[in-house]
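Any read-out appearing in this document is the output of simple, stated calculations on the displayed coordinates, not a laboratory observation. Just so we're clear, the structure is a prediction, and the values are computed from it rather than from any experiment. Note that we place each Cβ from the backbone using ideal geometry, even for glycine, and neighbour counts take in every protein chain shown.
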Amino acid sequence: MNGNASPILNRKREIQTEGAGVVYEGKNLTSLLLRQSETLSDEERIFLVECYTHYGGDFFEKNTSDNKIIPFAAHVLIDLECDVDFWREKHNFYVKRNQAIKDLLESIFATMSDFQCESVTLTENFAVLLATNTCIGCFSSGDVDLSADISERGKIVDWFRSFNFLSNDPPQSIREYSGQSMQFFNPDSIDGGFWINVIWKPVTRAFLVQDKYDVRLSKDRLLARTLGKSSIRILDDTSLLYFCALHISAGHYFTLTPGLRLFVDIDRLARSPRIDWDNIVKWELEDNAGIRISMMMYLVAKVFNTPIPEKVYSKALQSRRNRRFARYLLNRNTNEVQSNSSRLRRLYVELASDDKNLMTNFLIRFLRLVMSRI
């Protein structure tokens, strides 16, 4: 691969790299590589091609591989006519693999009624992929997530066992949330083994008050839809958007690993004509979600240039405290989100997300924790 690209412009520009992606002329380009190519402006397309011409294909291959965004970047670069044959081969691998994942899910969901399960729905990344009819190749995770009522746990274990998916100890990274999810693995499925995660809570997080989220999700799961002749159950688009936003803001503290790759879910869903934005605003208030949903919408609107109505995220910017929080999460000048993680930083994000006085909120949470252990 020689890294040649269509020479739209040939101006020299200063380029640098950072761990979080390519930085070109002071702007992080990761979000452009995660966009649907048809949503890119002419200026953004020129910007990307210039960067590719200067840096070369080898760098882009390594960078997108390190950031686990190869299929998304490949889709964009093919459209920009950058080393088309090379990136098409990369992309076709994911097309074939993800079609196999879809076929597997079709087979599993087709037998759902045989095991008298009613609540199970596909959620998060792969659900968004199917719900928005996005290119099947644009998914790079090594597992899929399902949401279900824990009362159906025994039935689900039997159901998955019939497909040789057996329950395993959860990975170390989520073991602290024992009891909030189950992981099933089949070593003979999808290129040497595949995981299916079944999540009982809206968010797998310790110390997050989820009672109202639980009630809403339990209701919405029973109203889940299927797509055409598919057997796969997916939440209504508005509900899926709401719970994806909650998952990223609370489960990943808005910007932590895998970072912008999660923002794709919000970007794709927000472009759907079926979103009821009034409900998004209303549910955040009803569920005492603070500014978790509105801040998530603000971040995606600014980083991905997603057409999200301002009324949906205006609450996130109404106070000086909230605007300071937004600046902590996102550097508008470089288009980068912060990826630093420590217990203190996560505590700050948690407290700031509640849209209350930080010290008062800390004391309330501390007392709640103490009382729960008495």
- Task: Indicate the gyration tensor shape class of the range 236-374 (rounded, prolate or oblate), computed on the Cα atoms with a ≥ b ≥ c the square roots of the eigenvalues: a/c under 1.5 is rounded; otherwise a/b larger than b/c is prolate and the rest oblate.
- Result: prolate
- Query: What percent does the relative contact order of the range 236-374 come to when contacts are Cα pairs within less than 8 Å and at least six residues apart?
  - Reply: 25 percent
- Task: Report the one residue of His91, Leu285, Ala245 whose Cα lies farthest in the direction of the positive end of the charge dipole of the chain (charges on C-beta: Lys and Arg +1, Asp and Glu -1; origin at the Cα centre).
- Result: Leu285
- Dipole of the chain, Cα-centred, from +1 at each Lys and Arg C-beta and -1 at each Asp and Glu C-beta, to the nearest 20 debye? 1420 debye
- Phi to ³J(HN,Hα) by Karplus 6.51 cos²θ - 1.76 cosθ + 1.60 over the range 133-145, Hz, x for Gly, Pro: 6, 6, 3, 4, x, 8, 7, 10, 6, x, 7, 10, 10
- Most exposed to least, judged by fewest other Cβ atoms within 10 Å, Arg327, Arg221 sort to Arg327, Arg221
- Hey, fewest Cβ within 10 Å first, where do Met295, Met112 land in order? Met112, Met295
- Prolate/oblate/rounded call for the chain, Cα gyration tensor, a/c under 1.5 rounded: oblate
- Averaging sequence separations of C-alpha pairs under 8 Å and six or more residues apart, then dividing by the length of the chain, give the relative contact order as a whole percent. 13 percent
- Under DSSP H, which helices of the chain have Cα atoms covering 27 Å or more of the helix axis and a Kyte-Doolittle average no less than -1.0? 84-110
- Taking every DSSP beta bridge that has both residues in the chain, what percent is antiparallel when rounded to the nearest 5? 80 percent
- Among Asn186, Gly26, Val128, the residue whose Cα sits farthest towards the positive end of the charge dipole of the chain, when +1 is placed on the Cβ of each Lys and Arg and -1 on the Cβ of each Asp and Glu, is Gly26
- Task: Label the range 316-359 by shape, choosing from rounded, prolate and oblate, from the square roots a ≥ b ≥ c of the eigenvalues of the Cα gyration tensor; if a/c is under 1.5 it is rounded, and otherwise prolate applies when a/b is larger than b/c, oblate when it is not.
- Result: oblate
- Mind giving me the FRET efficiency for Glu25 and Ser167? R0 is 45 Å, r the Cβ-Cβ distance, nearest 0.05 is fine. 0.35
- Query: So for Arg205, Arg274, fewest C-beta neighbours within 10 Å to most, what's the order?
  - Reply: Arg274, Arg205
